[in-house]
1. Just checking, does the range 162-177 include any residue being among the polar types (S, T, N, Q), in contact with a helix residue (DSSP H, G or I) (Cβ under 9 Å, 6 or more places away or on another chain), in a strand (DSSP E or B) and in contact (Cβ under 8 Å) with a residue 24 or more places away in the chain?
2. Could you tell me how many of the residues in the range 200-218 are touching a residue at least 60 places away in the same chain (Cβ under 8 Å) and farther than 30 Å from Glu178 by Cα?
3. Out of the residues in the range 117-148 that are loosely packed, with under 13 Cβ neighbours inside 10 Å and polar (S, T, N, Q), state the one that is farthest from Thr252 (Cα to Cα).
4. Please enumerate the residues belonging to the range 219-268 that are in a loop (DSSP other than H, G, I, E, B), touching a residue at least 60 places away in the same chain (Cβ under 8 Å) and of a type in the set (Asp, Glu).
5. Of the residues that sit in the range 127-153 and are of a type in the set (A, V, I, L, M, F, W, C) and in contact with a strand residue (DSSP E or B) (Cβ under 7 Å, 6 or more places away or on another chain), which one is nearest to Ala257 (Cα to Cα)?
6. Tell me the residue from Arg237, Arg220 that is at pLDDT 95 or above, over 18 Å from Thr192 (Cα atoms) and in contact with a Lys or Arg (Cβ under 9 Å, 6 or more places away or on another chain), please.
7. Counting just the residues of the range 198-211 that are under 17 Å from Thr81 (Cα atoms) and in contact with a Lys or Arg (Cβ under 9 Å, 6 or more places away or on another chain), which one comes out surrounded by the most Cβ atoms within 10 Å (Cβ to Cβ)?
Amino acid sequence: MTRRTLGYLALACLLVLAGCNGATGPATTDGPPDANSTATTANGGTPDPIYRPPLSPSTVLDEHEAALADGGTFAYQQNSTLRAGAAGRLAQVTNVSAAVDLDGDRALVFQNVSLQGETVAYGNATVGYERFGTGDGPRYRSASENVTNPAFYARPPIDRLLRGLNYTYQGAETRDGETVFTYAVDGTDELTPAEHGLGVIPPENVTAVNSRLAVREDGRIVAFEYRASGTVDGRERSYAVSVAWGGVGSTTVSEPAWVADARNATSG
């Protein structure tokens, strides 16, 4: 199996999320704002939203990425779940938290994937090392493609989920002195299957979809939440993912002591 193939598998794992036995890590993020709250300007009016629907996924992510680049560092949190069957049996749970330094080109990433266990990775866009535990003590391997790439966490591939969703503007709130605008999708009437990029459930088989997107005035996404259910080969499936960013400009990333052992273990 090629490194690129392993990378795609790693990205798939990074895009299946929610919370069960989450890996502990350095990332702390702001929670989603209240979509029903409103913000007022100095003259008592409501601020104009940063975007007017229909949203352009590329524009939203371009502005978000630029805002994170201005901050230089940030914390990232992603959780996902995939459930199978009418009873909602858990099929896959993934938790990811990362401390990212864009200026220093480095990331420290904690992952917990059901049936695979916890791992911690450190590296940059070119080289990364991963530590995973066994009964015989820690073991090391080279990180799969993009796992330690700082740019991946600034712009994870959520554009495929944003596409084909017709968001409506919900309002704004003032949070920590900043205005946050919220957008929502509720129901398949707001879904365009031919444009949507959900992979775990064929978009044409989606029977319910809900999403929330919270964006600051500077374009940074505070939180993205997505839930969909439908059928795969006649069987029920449900998928949920949440992604949040915080600690912009105040997150620190340091090389762990175990990286020297990882270099030695993977050099041959």
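The values are calculated or read from the model by the stated rules, or taken from the named source; none is laboratory data. Given the structure is predicted, the values throughout are model-derived calculations rather than measurements. Note that we place each Cβ from the backbone using ideal geometry, even for glycine, and neighbour counts take in every protein chain shown.
1. The initial filter retains those residues of the range 162-177 that are among the polar types (S, T, N, Q), namely 166, 168, 170, 174.
Now restrict to residues that are in contact with a helix residue (DSSP H, G or I) (Cβ under 9 Å, 6 or more places away or on another chain): 166, 168.
When the remaining residues are screened for being in a strand (DSSP E or B), the result is 168.
Still in the running and in contact (Cβ under 8 Å) with a residue 24 or more places away in the chain: 168.
Yes, the range 162-177 contains at least one residue that is among the polar types (S, T, N, Q), in contact with a helix residue (DSSP H, G or I) (Cβ under 9 Å, 6 or more places away or on another chain), in a strand (DSSP E or B) and in contact (Cβ under 8 Å) with a residue 24 or more places away in the chain.
2. Narrowing the range 200-218 to residues touching a residue at least 60 places away in the same chain (Cβ under 8 Å): 200, 212-218.
From the residues that got through so far, the ones that are farther than 30 Å from Glu178 by Cα too are 200.
Selection size over the range 200-218: 1.
3. Thr134
4. Filtering the range 219-268 for residues in a loop (DSSP other than H, G, I, E, B) gives 219-220, 233-234, 247-258, 267-268.
With touching a residue at least 60 places away in the same chain (Cβ under 8 Å) added as a condition, the list becomes 219-220, 247-256, 258.
Selection gives Glu255 alone.
5. If we filter the range 127-153 for residues that are of a type in the set (A, V, I, L, M, F, W, C), which is where we start, we get 127, 132, 143, 147, 151-152.
Keeping just the survivors that are in contact with a strand residue (DSSP E or B) (Cβ under 7 Å, 6 or more places away or on another chain) gives 132, 143, 147.
Working: Phe132: 14, Ala143: 17, Val147: 19 Å.
Checking each candidate, the answer is Phe132.
6. Working: Arg220 fails: in contact with a Lys or Arg (Cβ under 9 Å, 6 or more places away or on another chain).
Sole residue among the options that is at pLDDT 95 or above, over 18 Å from Thr192 (Cα atoms) and in contact with a Lys or Arg (Cβ under 9 Å, 6 or more places away or on another chain): Arg237.
7. Within the range 198-211, the subset under 17 Å from Thr81 (Cα atoms) is 198-202, 206, 208-211.
Pick out the ones that are also in contact with a Lys or Arg (Cβ under 9 Å, 6 or more places away or on another chain) and you get 198-201, 208-211.
Details: Leu198: 22, Gly199: 12, Val200: 18, Ile201: 21, Ala208: 13, Val209: 25, Asn210: 16, Ser211: 20.
Selected residue: Val209.
Yes/no per residue for (1) more than 18 Å from the chain's Cα centre (by Cα); (2) modelled with pLDDT of 95 or more:
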position: Thr46; (1), (2): yes, no
position: Ala66; (1), (2): no, yes
position: Asp70; (1), (2): yes, yes
position: Gln78; (1), (2): no, yes
position: Val100; (1), (2): no, yes
position: Asp105; (1), (2): yes, yes
position: Phe110; (1), (2): no, yes
position: Gly117; (1), (2): yes, no
position: Glu130; (1), (2): yes, yes
